[in-house]
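Written below as structure tokens is the structure these notes are about.
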Amino acid sequence: VENPPDILTESDKDVELPPSLAAKWKAEGRYEQEVKELDEFFARTGLPRSPRHYIMKWHLDWIRDFGVDGFRVDTTKHTEAKIWGELKELAVDEFERWKKANPDKKISDDPFFLTGEVYGYGIQGGQLFGMGGPGEDVNFFENGFDSLINFSIKGDAKKTYEELFSEYDSYLNGGPLEGLSVMNYLTSHDDGWPFDKERIKPFEAATKLMLAPGSAQIYYGDETARGLIVEGTDG
């Protein structure tokens, strides 16, 4: 799209810090520390100082400083699929380093988890997502993701419990998504056509969301059947 700045995520060329960022850090008195950390990161990983690798380093800071154990990636399909595998590998390593440094803070030995929003992906697609033209199918599960948000469940939720649960079980247990997962949701911040928009079937919605095979994404207000129809709004 035309309006965002174009960060050259496809480039492997070394680049310097943006002057505006360097000036900001100097004004905040942390320029030397930030540059030291960047030098250590690039020395340890051997990665080029490309735009995407700077951004990855700054994402890893959340893991290093706070023990963040997973990322939910937005608008996943709008950049090169391979970069998510790079980020996952770095994140897994950083999270293991954090767990070793903070044995009293870790809550489990589970590895770092990456889930993605590939707009329009549905569980029926298995591991592939069609990006448009012939030969453009992408397997995001082979590019770092443990899970993808399942956009089809808001329609599938109209099925009976047995139909819904059996179908999803067939995909995730012994089917094309064996060993992987999807993240189910029924409402979200940018979905104008959720399941039970009128909030007249809260117990059915909750049961299907929480018990359908896969994980659950709960939108704030789901737990209280908060109204979704707001006068003067669209979507």
Kindly check whether there is at least one residue in the range 192-214 that is within 30 Å of PHE66 (Cβ to Cβ) and surrounded by 19 or more Cβ atoms within 10 Å (Cβ to Cβ). yes
Search the range 208-227 for residues that are within 13 Å of ALA157 (Cβ to Cβ) and pair each with any residue that is modelled with pLDDT of 95 or more and open to solvent by 100 Å² or more (accessible area, probe 1.4 Å) when their beta-carbon atoms are under 9 Å apart and the residues are at least 6 apart or on different chains. ALA216/MET210
Given the options LEU172, LEU177, LEU114, name the one that is open to solvent by less than 30 Å² (accessible area, probe 1.4 Å), in contact (Cβ under 8 Å) with a residue 12 or more places away in the chain and under 14 Å from the mean Cα position of the chain (by Cα). LEU114
Can you pull out every residue in the range 118-162 that is within 17 Å of HIS78 (Cβ to Cβ), open to solvent by 20 Å² or more (accessible area, probe 1.4 Å) and not in a loop (DSSP other than H, G, I, E, B)? PHE129, VAL138, ASN143
Flagged in the range 137-157 as under 12 Å from the mean Cα position of the chain (by Cα) and among the aliphatic types (A, V, I, L, M), in numbering order, are LEU148, ILE149
Across the range 57-87, the tally of residues that are open to solvent by less than 30 Å² (accessible area, probe 1.4 Å), in a helix (DSSP H, G or I) and under 14 Å from PHE113 (Cα atoms) stands at 4
Among residues belonging to the range 11-21 that are open to solvent by less than 100 Å² (accessible area, probe 1.4 Å) and part of a loop (DSSP other than H, G, I, E, B), point out the one that is modelled with the lowest pLDDT. PRO18
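The values are calculated or read from the model by the stated rules, or taken from the named source; none is laboratory data. Predicted, not measured: the structure shown is a model, and the values here were computed from it. Cβ: placed from backbone, ideal geometry, glycine included. Neighbour counts: every protein chain shown. Note: accessible area is taken over every heavy atom of the protein model, side chains too, but ligands, DNA and RNA are not part of it. Shrake-Rupley method; radii C 1.70, N 1.55, O 1.52, S 1.80 Å.
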